[in-house]
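Trainee: Take this structure, written in structure tokens, and hold onto it; I'll ask about it next.
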Amino acid sequence: MAAPRCSAKVQRLSTFSGMKAIGQQSSMRAASPITSSRQQVVRAARSQLAIEARKVAVLGAAGGIGQPLSLLLKMNRMISQLALYDIANVAGVAADLSHCNTNTKVTAYTGPEELAEALKGADLVVIPAGVPRKPGMTRDDLFNINAGIVKGLCEAIAVNCPDAVINIISNPVNSTVPICAEVLKKAGAYKPRKVMGVTTLDVVRSNTFVAEANQLDTKEVDVPVIGGHAGETILPLLSQAKPKVEFTAEDAAAMTKKIQNAGTDVVNAKAGTGSATLSMAYAAARMAESVLLGLNGEKDIYECTYTESDVMPGFQYFASKVLLGPGGIEKFQPLPELSEFEQQGLVAMKELLTANIQAGVEFANKA
Amino acid sequence: MLARAAKEAVKAASGLRAYASASGGLPPRKVAVLGAAGGIGQPLSLLMKLSPYVSELALYDIAGTPGVAADVSHINSKAAVKGYAGEDQLGEALKGADVVIIPAGVPRKPGMTRDDLFKINAGIVKALVEACGKHCPKALLNIISNPVNSTVPIAAETLKRLGVYDEKRVLGVTTLDVVRAKTFYAEKAGLDVSKVDVPVVGGHAGVTILPLFSQAVPNAANKLNDADIDALTKRTQDGGTEVVQAKAGKGSATLSMAYAGALFADACLRGLNGDPDVVECTYVASTITDAPFFSSKVKLGKNGVEQIFGLGELSAYEAEGLKALMPELRQSIQKGEDFALEKQ
């Protein structure tokens, strides 16, 4: 009795052919898992696989975020080469992942001496490296350690892959993105459209919480989030939620607080053992996928991201919705009209975000 | 009028289920992960949260699950996530589960065989399966905890004792061996791995893992000689050890195991949902050899195992391999059964 092929037509999990929000800003479509219309875009992306060989480097690949992130990237069909870098333990992670039956080739790089090789030829560099929060800590408390780590990594990027898109996860993002920019400026390698702080998890959380509160399908919900990536600097634009949701003043305030504190809630729930890793890995993998779709020339790839921008007067770095394309950020979407509550939020965050940016710039320019 | 009121009441009560099945016309499915806070459990929970088939995800462990659940619950996908910690919450975690995935247990360190884990993991699996027998006897059990060659028989005996054993619903996860065989074969033969299929039969430890490269698709007989096949076979058999060594004491395969575990759970869910074409290699109660449990290609359907396929034609090398693996496999099965029957 001849046995048939092992489910050969479903070699991979159907969910992982695409995880991002695709479509016009006005569209109803939103994040993972994939809808059939997204599948068309991804099928188009896949048809380009023969042409585009994409290398992605993950700096901090052996860490709490780095490992699950590397797994999701190993499953992404757009990535032909995956370079996993860390100061230790990454050879084991790479050996583990290399057994997965996808076309993404995985290589481990350990320690500063191997960082250059990890980076050479990278189209996208994702940086989760650094230490996570413990209960009672703010993202800012991580500053000194993580600022130094990010500075060193960006110096290497400037030398080895100055054309790469950079996705920064390391907290405090409000400061580490300016640090990256300043380091690249100093090396004469700064491309502002390519330096992005990953705020996708705030969008993901907003989508989830708004969907849950209103019995909506998570696939259909999209909430833009602007500002920064810490506490009060996270400003979800509930007034701009798609589909449109009516919030009472109390509900909007409560929902905003919930989104702003979500990271802290996970830190507390993990009771000293870490911060968000799995949801952060998902969000970063979604952002990486969007970046790659953009690099591959796919249309209508929108994400919110924290970057140097003119979108909000008075803020040198600001997170807002952008159109991604072959050059990284192609276009900044104009900000919609904010509700009164949201305008107050903008005012409330100004001091903190400005201070965070200043701290980053100063750190980068220290001798 | 009463009928209408009743209808509305039912509709309201099943609101969540109605909504869930409205999304893509898929039936609601609950998946429980036992050992969700562990090295395999965490990335596995992430992948299951991303599944379009899962409407409820229960994450159970002896500790750490509130944090993992809080983390995973933020992901904007269908499954409603709940964390359960400690034995007294195990029943709640299992109620209504369609699929229960069990990665719980300790991993190997360099120098250890899967059998060295036996004492600890055997007890863990027995207790968890007992709870499954009590709280979700119809669920499909996906057993990852090593040594699978023994823990599946332990599960079977435990469920027999409770009078709820259904041999179609107890499945040892050998998918990682299949994944590895495909990867190594594609690498050596210069093939696109996404188009490759290699059956793997036998068991899930060392020489009991028998990849059937003679049945591999596409056929690469013109590219691979006997020495290549031997090397590929050994590499597939030692794949787990390869990772244990590379991790130098820090653990065994976690990410690739999560990946394989999710692939297999995904197949189980598709089978439950009526997909007519779901065929996977898995270690189950079987009569195709004279070992009571054996891994081979199996058709998965609405009740778990629907059909067990025979081995097909084996090359001389593979026939030798089959002969060689049977004693160890039978021994491991016996060890599992003895353990389950001892502890009253």
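Trainee: Which residues, if any, in the range A:184-212 lose at least 30 square angstrom of accessible heavy-atom surface (probe 1.4 Å) when the other protein chains sit next to their chain rather than the chain being alone?
Mentor: A:208
Trainee: To continue, here is another question. Please give the per residue accessible area of the range B:106-147, computed with a probe of 1.4 Å over protein heavy atoms only, in Å².
Mentor: Working: 1730 Å² over 42 residues.
For the range B:106-147, the solvent-accessible area averages 41 Å² per residue.
Trainee: Can you give me the relative contact order of chain A as a percent, contacts being Cα pairs under 8 Å and 6 or more apart? Present the calculation step by step, with values, prior to reporting the outcome.
Mentor: On the way: 741 pairs, mean separation 66.3, N = 367.
So the answer I get is 18 percent.
Trainee: Using a 1.4 Å probe on the protein heavy atoms, what percent of the accessible area of chain B belongs to carbon and sulfur? Let's see the in-between values first.
Mentor: Values: 7170 of 13090 Å².
With neighbouring chains kept in place, the figure for chain B is 55 percent.
Trainee: Write down the accessible area per residue of chain A in Å², having rolled a 1.4 Å probe over the full set of protein chains. Please report the intermediate quantities before stating the final value.
Mentor: Working: 13130 Å² over 367 residues.
Ligands and nucleic acids excluded, the figure is 36 Å² per residue.
Trainee: Quantify, in whole percent, the carbon and sulfur part of the accessible surface of the range A:224-333 (1.4 Å probe; protein heavy atoms only).
Mentor: The nonpolar share, carbon plus sulfur, comes to 52 percent.
Trainee: Need the per-residue list for the range A:262-276: every residue with at least 10 Å² less accessible surface in the complex of protein chains than in the chain by itself, probe 1.4 Å, sorted by number.
Mentor: A:266, A:269, A:270
Trainee: Rank B:120, B:32, B:334 by how far each Cα sits towards the positive end of the charge dipole of chain B (+1 on Lys, Arg Cβ; -1 on Asp, Glu Cβ) and give me just the farthest.
Mentor: B:32
Trainee: Of the candidates B:320, B:328, B:87, which one comes out as most mobile in a Gaussian network treatment of chain B with C-alpha springs shorter than 10 Å?
Mentor: Looking only at B:320, B:328, B:87, the biggest GNM fluctuation is shown by B:320.
Trainee: Taking the Cα centre as origin and putting +1 on Lys and Arg beta-carbons and -1 on Asp and Glu beta-carbons, what dipole magnitude results for chain A, to the nearest 20 debye?
Mentor: On the way: 36 positive and 34 negative charges, 247 e Å.
So the dipole magnitude of chain A works out to roughly 1180 debye.
Trainee: Place a +1 charge on the Cβ of each Lys and Arg in the range B:31-127 and a -1 charge on the Cβ of each Asp and Glu, then give the dipole magnitude about the Cα centre in debye, rounded to the nearest 20.
Mentor: The dipole of the range B:31-127 has a size of about 240 debye.
Trainee: Using a probe radius of 1.4 Å on heavy atoms only, what accessible surface per residue do you get for the range B:242-331? Whole Å² is fine.
Mentor: Details: 3290 Å² over 90 residues.
Value for the range B:242-331: 37 Å² per residue.
Trainee: Relative contact order for chain B: what is it in percent, counting Cα pairs under 8 Å that are at least 6 residues apart? Walk me through the numbers on the way to the answer.
Mentor: Details: 669 pairs, mean separation 55.7, N = 344.
The normalised contact order for chain B reaches 16 percent.
Trainee: Just tell me, in residue order, which DSSP H segments of chain A are both 27 angstrom or longer along the helix axis (alpha-carbon based) and at least 0.0 in mean Kyte-Doolittle hydropathy.
Mentor: Both cut-offs are met by A:340-365.
Trainee: Can you work out the base-10 log of I(q)/I(0) for the range A:208-367 at q = 0.08, 0.16, 0.17 1/Å, using the Debye formula on its C-alpha atoms alone?
Mentor: Those come out to -0.26, -1.09, -1.23, one per q.
Trainee: Provide the buried accessible surface between chains A and B in square angstrom, both chains summed, 1.4 Å probe, rounded to the nearest 100.
Mentor: On the way: alone 15640 and 15530 Å², together 26220 Å².
So the total buried area for this chain pair works out to about 4900 Å².
Trainee: OK, next. Round to a whole number: what % of the accessible area of the range A:92-147 belongs to carbon and sulfur, probe 1.4 Å?
Mentor: 54
Trainee: Another question about this same structure. Build a GNM of chain A with springs between Cα atoms under 10 Å: which of A:253, A:262, A:211 gets the top mean-square fluctuation?
Mentor: Per the Cα network of chain A with a 10 Å cutoff, A:253 tops the list.
Trainee: Please name whichever of A:345, A:253, A:267 sits farthest to the positive end of the charge dipole of the range A:230-367, dipole taken about the Cα centre and charges placed at Cβ: Lys and Arg +1, Asp and Glu -1.
Mentor: A:267
Trainee: Let me know the charge dipole size of the range A:209-367 about its Cα centre in debye, to the nearest 20, where only the beta-carbon of Lys, Arg (+1) and Asp, Glu (-1) is charged.
Mentor: Result for the range A:209-367 is approximately 380 debye, rounded to the nearest 20.
Trainee: In the range B:219-261, which residues become less accessible by 50 Å² or more once every protein chain is in place, relative to the chain on its own, using a 1.4 Å probe?
Mentor: B:255, B:259
Trainee: Sticking with this structure for a sec: State the answer as a single residue: which of A:176, A:192, A:215 lies farthest towards the positive end of the charge dipole of the range A:152-224, with beta carbon charges of +1 for Lys and Arg and -1 for Asp and Glu, about the Cα centre.
Mentor: Value computed over the given set: A:192.
Trainee: Hey, can you list the DSSP H helices of chain B whose Cα span along the axis is 20 Å or longer and whose average Kyte-Doolittle score is at least 0.0? All intermediate terms of the calculation are to be shown ahead of the outcome.
Mentor: On the way: long enough: B:118-135 (25 Å, 0.51); B:175-189 (21 Å, -0.11); B:255-272 (25 Å, 1.14); B:316-342 (40 Å, -0.49).
Membrane-span-like by this rule: B:118-135, B:255-272.
Trainee: Right, next: Suppose we keep just the DSSP beta bridges with both residues in chain B; what percent of those would be antiparallel, to 5?
Mentor: Working: 17 of 38 bridges.
Among the beta bridges of chain B, antiparallel pairing accounts for roughly 45 percent.
Trainee: Which lysines, on any chain, are close to residue B:134 with Cα under 17 Å apart, when same-chain ones fewer than 8 places away are left out?
Mentor: Hits, sequence-local ones excluded: B:30, B:95, B:126, B:160.
Trainee: Compute a Gaussian network model of chain B, connecting alpha carbons closer than 10 Å, and tell me which residue from B:309, B:213, B:294 fluctuates the most.
Mentor: Looking only at B:309, B:213, B:294, the biggest GNM fluctuation is shown by B:309.
The values are calculated or read from the model by the stated rules, or taken from the named source; none is laboratory data. Keep in mind the model is a prediction, meaning the values are calculated, not measured. Glycine gets a Cβ as well: all are built from the backbone with ideal geometry, and neighbour counts include every protein chain shown. Protein only, heavy atoms only, side chains kept; ligands, DNA and RNA dropped before computing areas. Shrake-Rupley method; radii C 1.70, N 1.55, O 1.52, S 1.80 Å.
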